[in-house]
Amino acid sequence: MMRRTLLVTLLLCASLASAHAEIIGTNAPRAVTEDEMKGSLAEVDLVGANGAPLDLRALMANGRPTLVSLWAYWCPNCLAEMKGFKSIAAACPDRWNIVFVSARASDYPKDLAKFKTYGLPWKIVRVGDSTKTDVAKAKSARAFYGATADGGVVTPLHYLIGASGRVDAIVNGRLNFAEPQRLAAFCAD
């Protein structure tokens, strides 16, 4: 399973330049470490449109690999990925857990509206409001967003998590699932 996820990651990111360790793609000076980014997945609070929490750990417990994508309505690469996500939705929507997260919680209403226009079977959520009152949650959210040295975010940002719950790769930048060989690798059993 881990080998296949790693293979998928390598296939999807073949055109991207490698950065250090498991962070692949656009190299951005970070204010957080790779370990902090990985650890944030267990700590960050995510909520949906109705304010209901999304328990990412419970979702990942179903034994499927998980893709968590930070997404924004204003991000050209995020929008360009939608063709590939439509291909996944047509070919293998239940193969992976896929979760989209608004790259900036303040943009969530606009992200949600734009995301809905694609008709995908997955939801887009946002980081919860606990970050406004809980210092530890704010720190987790900052790591989850992969905060850059100047306080920004790199979008899209993808966490590829194996069925075991281990983060196999963090990918900065656009993934291309639309190419047949990459879609086939992503949908493989």
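The values are calculated or read from the model by the stated rules, or taken from the named source; none is laboratory data. Being a predicted model, the structure only gives us computed values, none of them experimental. Glycine also receives a Cβ, built like all others from the backbone with ideal geometry; neighbour counts cover every protein chain displayed. Only protein heavy atoms, including side chains, enter the accessible area calculation; ligands, DNA and RNA are left aside. Shrake-Rupley method; radii C 1.70, N 1.55, O 1.52, S 1.80 Å.
For (1) farther than 25 Å from Ala28 by Cβ; (2) in contact with a Leu (Cβ under 7 Å, 6 or more places away or on another chain); (3) modelled with pLDDT under 90, each residue gets a yes or a no:
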residue: Tyr73; (1), (2), (3): no, no, no
residue: Ala89; (1), (2), (3): yes, yes, no
residue: Lys116; (1), (2), (3): yes, no, no
residue: Ser130; (1), (2), (3): yes, no, yes
residue: Ala141; (1), (2), (3): no, no, no
residue: Val154; (1), (2), (3): no, no, yes
residue: Ala163; (1), (2), (3): yes, no, yes
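Can you find a residue in region 90-103 that is surrounded by fewer than 21 Cβ atoms within 10 Å (Cβ to Cβ), in a helix (DSSP H, G or I) and touching a residue at least 12 places away in the same chain (Cβ under 8 Å)?
There is at least one residue in region 90-103 that is surrounded by fewer than 21 Cβ atoms within 10 Å (Cβ to Cβ), in a helix (DSSP H, G or I) and touching a residue at least 12 places away in the same chain (Cβ under 8 Å).
Tell me whether region 33-48 contains one or more residues that are surrounded by fewer than 19 Cβ atoms within 10 Å (Cβ to Cβ) and of a type in the set (Ser, Thr, Tyr).
Yes: region 33-48 contains one or more residues that are surrounded by fewer than 19 Cβ atoms within 10 Å (Cβ to Cβ) and of a type in the set (Ser, Thr, Tyr).
Counting only residues that are in a helix (DSSP H, G or I) and open to solvent by 40 Å² or more (accessible area, probe 1.4 Å), which one in region 155-189 is farthest from Ala90 (Cα to Cα)?
Gln181
Which residues, counting only those in region 18-57, are polar (S, T, N, Q) and modelled with pLDDT under 85? Steps first, please.
Let us first name the residues in region 18-57 that are polar (S, T, N, Q), namely 18, 26-27, 33, 40, 50.
Residues satisfying the conditions are Ser18, Thr26, Asn27.
Between residues in region 162-189 that are at positive phi and residues that are part of a loop (DSSP other than H, G, I, E, B) and open to solvent by less than 40 Å² (accessible area, probe 1.4 Å), which pairs lie under 7 Å by C-beta distance while being six or more apart or on different chains?
Here the result reads Gly173/Pro156, each pair linking region 162-189 to a residue that is part of a loop (DSSP other than H, G, I, E, B) and open to solvent by less than 40 Å² (accessible area, probe 1.4 Å).
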